[in-house]
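Report on the structure given below.
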Amino acid sequence: MVVPGSAERPRYTRNFVFHLLEERVQAAFHEHIQARYGIDLAVTIEQPRQSEFGEIALPAAFQLARQLKQPPKKIAAELAAEIGHIPGVAAMEVAGNGYLNVRFDRARYGSNLLAPQPEPEAPAGGKIVVEHTNINPNKAAHIGHLRNAALGDTFVRMLRSLGQRVEVQNYIDNTGVQVADVVAGFHYLEKKTPADVRELISQAGVRFDYLCWDLYARTSAHYQRSPESLAWRSQTLHAIEAGEGAQAELAHLVADAIVEAHLSTMLRLGVEYDVLPRESEILHLKFWASAFELLKDRQAIYLETQGKNAGCWVMPAAAFSADAESEDSKVIVRSDGTVTYVGKDIAYQLWKFGLLGKDFYYRPLRRYADGRVLWVTTDKPVNAEASVPEFGHAARVYNVIDVRQSYLQDVVVAGLKALGFSGQAGESIHFSYEMVALSPRCCAELGILLSEEDRRRPYVEVSGRKGLGVKADDLIDKLIGKALEEVASRHPEAPAEEQGRVATQIAVGALRYFLLKYTRNSVIAFDFQEALSFEGETGPYVQYAAVRARNILRKLQERGESLPDFAAELPPEAMGRQLRFEDFWQVLLAASKADAAVERAVTAGEPAHVAKYAFQLAQAFNNFYHQYPILHEENREKKVFLLWMTEFFRAQLERTLDILGIAIPDYM
């Protein structure tokens, strides 16, 4: 099936002028220092604290001072005098106690930005696998899942924007405890057969993922009231893992239907995947059996014979914890023979790196609007086998999982190390993040009743097991509704369908930006008013700047004019004249750092840095917009320059927003 609402993503020209000039300066200093002092120095570059100090600063003299036993200022003076000409650099000066401030050749810099950009070489290294979203297929997605998906999807876009080959996986835990609890609810509490559940899934107007949300909470409450009923969970898990009987069929129906619901929810945010590896195939295709034998052969796990873990296969705490004395050994296989989540995840991680000697079978599940196929694993060959891409075999793996799973991720890495795969263990990266809560004001708007104590808290935690939380689709719908009120009041003449499309783009942009602007280790308290504000550090504010840039160029066309031939009308001497104005230079410099900002954000593993850059870029353009009447400028050279700046800003801002997964509305 073709998935609606998933338009082909635009392609933007990558611009590495700033970054390449940084690299050129680094290389020149590295080579000179090695020849002059015989020191192989890793030259670092910093941003000056104030713009009047130049474009970049080098603390190389401080790095050398200890080894040369000379004052940094003396070393800096020597370097500045001896380094020679670096193409693209206009001047260099010693500042403070030994910093080297570098000033760019503004005319050359602007001309390089104007010239067609050669495609940089593809990054070295193999494929990167990013696993994200990973929602238990037992109920509707909630706001915490949206943070996972937004972080993972944006990080994928960041990597791809730099030319990396990335495979996006969404692991489906369709045999785990959460699915078992919903199946137990249907089977034991509601006495429903597979035919009954199949009918529920097919009923028009029934949100099956919402229905399961409530059933999961009821089943959890029943376990608390009647602890003996916890035996249902164990019996159901055994049936699911065996793949036989009514409960196994129920698990298949529940998980598949809810996965479809999750995919549709995530597509509303523009989140897409390449493959859905399912836990059921890890069991049925004996992935876990192979990993289990490997772990036993390498003595990475042992059979516990005493204490609370008697009869379990466990990994000793010394393998994954620096404080082994205070940690319990980790159960990999329970005494009843069922495999824990972490055991199956070790097998999955081995497969991601191509270390298991096994592979899934695959079948197409969906086709996105741009023609790409979403594949899902299966345990039987299918006819389309010849056209299936090669999945797995990663050089590096990022697992986007919340910070509360850090312990289990450490165990997975310890499993790889114990099996002798230290290199791959080092390339297994836990891309962790903190939880999403709700502001008390947000709870009130969603109709969630709070105690007096909770109303005084800075945020309210959610709990799917207790049924307390906000479903992702409800949140998106509420945001769209609020955005639509604003759009309709500003543009009452616009057709309703158009208003709805614009409101959706604003709402999704607001949500994604809110989830991305905080660093990963920050707890988020979601708030509607803060997210949808057109002022401050928000998605709508950044979208507004891009709309403004487009509007200037649209108004130019409405006046019967077209964009000038910038290359012909802005030769280096004209570029130099315009960029003598400090305001123009600083604005252009900020706009030209998009790719450098993304590369630094990738290195830091922090999508928030890209969100922050987008906001700063929007601020710079809004100041530029208010200060200069671009279309009314009478001086031809200056007008052409201002139009070029507007077009350059537009392209850079749109490219940055595309990396953040944020669309540009026709109007705000």
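Against the condition touching a helix residue (DSSP H, G or I) at 6+ places or on another chain (Cβ under 9 Å), among the aliphatic types (A, V, I, L, M) and at pLDDT below 95, how does ALA76 come out, does it pass? The answer is no for ALA76. Taking every residue in region 471-490 that is at positive phi and pairing it with any residue that is in a helix (DSSP H, G or I) and buried (at least 19 other Cβ atoms within 10 Å of the Cβ), at least 6 positions away or on another chain, yields no pair with a Cβ-Cβ distance below 6 Å. Which of the residues that make up region 300-313 are without any contact (Cβ under 8 Å) to a residue 24 or more places away in the chain and in a loop (DSSP other than H, G, I, E, B)? Answer for region 300-313, where residues must be without any contact (Cβ under 8 Å) to a residue 24 or more places away in the chain and in a loop (DSSP other than H, G, I, E, B): THR305, GLN306, CYS312. Just one residue in the set GLU281, GLU260, GLU293 is free of Cβ contacts under 8 Å to residues at least 12 places away in the same chain and under 24 Å from ALA414 (Cα atoms); that residue is GLU293. If we keep just the residues of region 346-385 that are surrounded by fewer than 21 Cβ atoms within 10 Å (Cβ to Cβ) and of a type in the set (S, T, N, Q), which is nearest to LEU285 (Cα to Cα)? Among those residues, the one meeting the criterion is THR378. Restricted to region 79-93, and to residues there that are without any contact (Cβ under 8 Å) to a residue 40 or more places away in the chain and assigned to a helix (DSSP H, G or I), the residue that is farthest from PHE62 (Cα to Cα) is ALA81.
Among residues belonging to region 314-331 that are outside any loop (DSSP other than H, G, I, E, B) and free of Cβ contacts under 8 Å to residues at least 60 places away in the same chain, point out the one that is farthest from VAL400 (Cα to Cα). Among those residues, the one meeting the criterion is GLU325. Here GLU561 passes the criteria (1) without any contact (Cβ under 8 Å) to a residue 40 or more places away in the chain; (2) farther than 26 Å from HIS142 by Cβ; (3) under 33 Å from the mean Cα position of the chain (by Cα) except the one numbered (3).
At least 2 residues that are surrounded by fewer than 17 Cβ atoms within 10 Å (Cβ to Cβ) and of a type outside the set (S, T, N, Q) in each: list the helices (runs of 4 or more DSSP H) lying fully within region 500-573 that qualify. Give the derivation first.
Details: elements: 528-532, 539-558, 566-569.
The helices (runs of 4 or more DSSP H) meeting that bar are 539-558, 566-569.
Here is a check on your reading of the model: is LYS352 of a type in the set (D, E, K, R), closer than 23 Å to GLY152 by Cβ and at pLDDT 95 or above?
yes
Can you tell me which residue is nearest to the chain's Cα centre (by Cα) among those in region 610-640 that are surrounded by fewer than 19 Cβ atoms within 10 Å (Cβ to Cβ) and within 25 Å of PHE155 (Cα to Cα)? This residue is LYS612. Checking each residue in region 386-405 for being free of Cβ contacts under 8 Å to residues at least 60 places away in the same chain, aliphatic (A, V, I, L, M) and either under 20 Å from ARG157 (Cβ atoms) or surrounded by 15 or more Cβ atoms within 10 Å (Cβ to Cβ) (or both) picks out only VAL388.
Residues that are in contact with a Phe, Trp or Tyr (Cβ under 9 Å, 6 or more places away or on another chain) and aliphatic (A, V, I, L, M) were ranked within region 473-505; the one that is farthest from LEU269 (Cα to Cα) is ALA494.
Keeping to region 229-274, report how many residues are of a type in the set (A, V, I, L, M, F, W, C) and more than 29 Å from the chain's Cα centre (by Cα). If you could, list the steps in order and put the result at the bottom.
Narrowing region 229-274 to residues of a type in the set (A, V, I, L, M, F, W, C): 230-232, 237, 239-240, 242, 246, 248, 250-251, 253-255, 257-259, 261, 263, 266-267, 269, 271.
If we keep only those that are more than 29 Å from the chain's Cα centre (by Cα) as well, we get 230-232, 237, 239-240, 242, 246, 248, 250-251, 253.
Counting residues in region 229-274 that are of a type in the set (A, V, I, L, M, F, W, C) and more than 29 Å from the chain's Cα centre (by Cα) gives 12.
Out of the residues in region 337-356 meeting the condition of being part of a loop (DSSP other than H, G, I, E, B) and among the small types (Gly, Ala, Ser), tell me which one is farthest from LEU416 (Cα to Cα). Among them, the one singled out is GLY337.
Of everything in region 238-279 that is among the polar types (S, T, N, Q) and within 21 Å of ARG198 (Cβ to Cβ), the residue that is surrounded by the fewest Cβ atoms within 10 Å (Cβ to Cβ) is SER264.
Looking at this structure, is PRO194 surrounded by fewer than 24 Cβ atoms within 10 Å (Cβ to Cβ), of a type outside the set (Gly, Ala, Ser) and on the phi < 0 side of the Ramachandran plot? Talk me through it step by step, then tell me what you get.
On the way: surrounded by fewer than 24 Cβ atoms within 10 Å (Cβ to Cβ): yes; of a type outside the set (Gly, Ala, Ser): yes; on the phi < 0 side of the Ramachandran plot: yes.
Answer is yes for this residue.
Provide a single number: the residues in region 120-133 that are more than 13 Å from the chain's Cα centre (by Cα) and within 11 Å of TYR273 (Cα to Cα). Before you say what the answer is, go through the steps one by one.
Residues of region 120-133 that are more than 13 Å from the chain's Cα centre (by Cα), as a first pass: 120-128.
Keeping just the survivors that are within 11 Å of TYR273 (Cα to Cα) gives none.
Selection size over region 120-133: 0.
Of the residues screened, GLY605 is one that is surrounded by fewer than 20 Cβ atoms within 10 Å (Cβ to Cβ) and over 22 Å from ARG108 (Cα atoms). Filtering ALA257, ALA291, ALA319, ALA324 for residues that are more than 17 Å from TYR341 (Cα to Cα) and modelled with pLDDT of 90 or more leaves a single hit, ALA257. Scanning region 127-150 for residues that are in a helix (DSSP H, G or I) and either out of contact with any Gly (no Cβ under 8 Å at 6 or more places or on another chain) or farther than 24 Å from VAL206 by Cβ (or both) yields GLY144, HIS145, LEU146, ARG147, ASN148, ALA149, ALA150. Are any of the residues in region 151-164 in a helix (DSSP H, G or I), among the β-branched types (Val, Ile, Thr), in contact with a helix residue (DSSP H, G or I) (Cβ under 7 Å, 6 or more places away or on another chain) and within 30 Å of ASP527 (Cα to Cα)? Yes; the residues of region 151-164 include at least one that is in a helix (DSSP H, G or I), among the β-branched types (Val, Ile, Thr), in contact with a helix residue (DSSP H, G or I) (Cβ under 7 Å, 6 or more places away or on another chain) and within 30 Å of ASP527 (Cα to Cα).
The values are calculated or read from the model by the stated rules, or taken from the named source; none is laboratory data. In this text, all values refer to a predicted model and were calculated from it rather than measured experimentally. Every residue, glycine as well, gets a Cβ built from its backbone with ideal geometry; the counts of neighbours run over all protein chains shown.
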